[in-house]
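What follows is one structure encoded as structure tokens, with my remarks underneath.
The values are calculated or read from the model by the stated rules, or taken from the named source; none is laboratory data. What you see is a predicted model; the values in this text were computed from it and never measured. Cβ atoms come from the backbone with ideal geometry, glycine included; neighbour counts cover every protein chain shown. These area figures cover heavy atoms from the full protein model, side chains too; ligands, DNA and RNA do not enter into them. Shrake-Rupley method; radii C 1.70, N 1.55, O 1.52, S 1.80 Å.
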Amino acid sequence: MLAVFLQTIPFFLIIGLGYGAGRTGFFPEPATAWLTKFVFYFALSAMLFRFSANLSIAEVFDIWFVAAYLCATGVVYLAATGIAMLRRQTVEVAAVEAQCAVIGNVGFLGIPMLTLLMGEDAIVSIMLVLAVDLIVFGSLIVILVTGSRDGRMNVRVLGTVGMGLLKNPMIVSIVLGLLWSGLALPIPQVMNDFLSLLGGAATPGALFAIGASLASKSAERPVIAGYLSACKLVLHPAAVAVAALLVFPVAPYPAAVMIAAAALPVAGNVYILAQHYGVAPQRVSASILISTTLAVVTVSLVIGWVSALY
């Protein structure tokens, strides 16, 4: 366990470095926004395309894996929604809180960290988790928030969801990579070197961007944020572990990666959505700050535990 903790420390040190740079003003918010855009649209996309171009759809898609993750995440999502409604929160706030409880920082933290700590084979499972998060739960929050405001569902909402998915570079790069693989197209050495070089910037860039973005976060409403952080760091991976290890026939290695991915702190894109719709952004901000801080210990513990599964 100590060895795993020491392996994760460099990742969180880079996050801490970004936080210090942002907190002191050396790396202002506009710089963080541009770095995030570079990582999101270029570096991470290059990494995902390169990985997926060397896979096949048959290798990537695992129905039991998807069922286990979807069911476990759905249970936690419904629990968080139910608790929010019992506290007399609106549907919009309940949707945002549920998103905090289940959507982890898989793109910016999970892809670079888990592929290095658990091996490049982990990318298959990480891509499936990312796809479920973006396609199912990323769409669900838009539908719930927009539907509750309009009072009914309409085609325009579905169009917004569809365009959001088509514009997401992580989804696009995975699909293009799988198409490239499906067509059995070779990857020229120059192209492979280009993707490797650009994708190599994803790990330090994403981690630094996470830290710099945390510098602008505040810990307002710490009780609710602490509860949501506990859901994300403890309840979500626990539910996924039960589903993957006891309920569904998921192989040990992908199950381990799935559990580790579920243990990641609250994702930054939840804050972007909350700010965009004007629904509890301070609550989400505090959840990201608290969960990322605690993840230094909790993620190490989870990775150390799941490493014994395979």
- Just one listed residue, out of 91, 60, is open to solvent by 10 Å² or more (accessible area, probe 1.4 Å), of a type outside the set (Ser, Thr, Tyr) and in contact with a Ser or Thr (Cβ under 7 Å, 6 or more places away or on another chain), and it is 91
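Is there a residue in segment 236-253 that is touching a strand residue (DSSP E or B) at 6+ places or on another chain (Cβ under 7 Å) and under 28 Å from residue 307 (Cβ atoms)?
First, pick out the residues of segment 236-253 that are touching a strand residue (DSSP E or B) at 6+ places or on another chain (Cβ under 7 Å): none.
Scanning segment 236-253 turns up no residue that is touching a strand residue (DSSP E or B) at 6+ places or on another chain (Cβ under 7 Å) and under 28 Å from residue 307 (Cβ atoms).
Can we say residue 246 is in contact (Cβ under 8 Å) with a residue 60 or more places away in the chain, closer than 30 Å to residue 60 by Cβ and open to solvent by 40 Å² or more (accessible area, probe 1.4 Å)? Can you show your working first?
Values: in contact (Cβ under 8 Å) with a residue 60 or more places away in the chain: no; closer than 30 Å to residue 60 by Cβ: yes; open to solvent by 40 Å² or more (accessible area, probe 1.4 Å): yes.
When the stated conditions are applied, residue 246 does not pass them.
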- Query: So which residues in segment 21-40 are small (Gly, Ala, Ser) and loosely packed, with under 14 Cβ neighbours inside 10 Å, if there are any at all?
  - Reply: 25, 33
- Query: Taking segment 94-106 on its own, how many of its residues are farther than 11 Å from residue 269 by Cβ and open to solvent by 10 Å² or more (accessible area, probe 1.4 Å)?
  - Reply: 0
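Being in a helix (DSSP H, G or I), under 24 Å from residue 141 (Cβ atoms) and at pLDDT 90 or above is true for just one of 234, 296, 257. Which residue is that?
Details: 296 fails: under 24 Å from residue 141 (Cβ atoms); 257 fails: under 24 Å from residue 141 (Cβ atoms).
Of 234, 296, 257, the one residue that is in a helix (DSSP H, G or I), under 24 Å from residue 141 (Cβ atoms) and at pLDDT 90 or above is 234.
Return yes when residue 281 is free of Cβ contacts under 8 Å to residues at least 12 places away in the same chain and surrounded by fewer than 22 Cβ atoms within 10 Å (Cβ to Cβ) and no when it is not.
So residue 281 fits the description; yes.
Pick out the one residue from 289, 273, 309 that is in contact with a Pro (Cβ under 8 Å, 6 or more places away or on another chain) and modelled with pLDDT under 95. Quick ask: steps written out before the conclusion?
Details: 289 fails: in contact with a Pro (Cβ under 8 Å, 6 or more places away or on another chain); 273 fails: in contact with a Pro (Cβ under 8 Å, 6 or more places away or on another chain).
The unique qualifying residue is 309.
Listed residues 4, 75, 102; which is in contact with a His (Cβ under 6 Å, 6 or more places away or on another chain), on the phi < 0 side of the Ramachandran plot and in contact (Cβ under 8 Å) with a residue 12 or more places away in the chain? Lay out the reasoning, then the answer.
Values: 4 fails: in contact with a His (Cβ under 6 Å, 6 or more places away or on another chain); 75 fails: in contact with a His (Cβ under 6 Å, 6 or more places away or on another chain).
Criteria check complete, one pass: 102.
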- Message: Given the condition within 30 Å of residue 80 (Cα to Cα) and in contact (Cβ under 8 Å) with a residue 40 or more places away in the chain, answer yes or no: does some residue in segment 196-206 qualify?
- Response: yes
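Being under 17 Å from residue 102 (Cβ atoms) and open to solvent by 10 Å² or more (accessible area, probe 1.4 Å) is the requirement here; does residue 234 meet it?
Numbers: under 17 Å from residue 102 (Cβ atoms): yes; open to solvent by 10 Å² or more (accessible area, probe 1.4 Å): yes.
Judged against the criteria, residue 234 is a match.
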- Only one of 113, 47 is in contact with a Phe, Trp or Tyr (Cβ under 8 Å, 6 or more places away or on another chain), part of a helix (DSSP H, G or I) and not aromatic (Phe, Trp, Tyr), namely 113
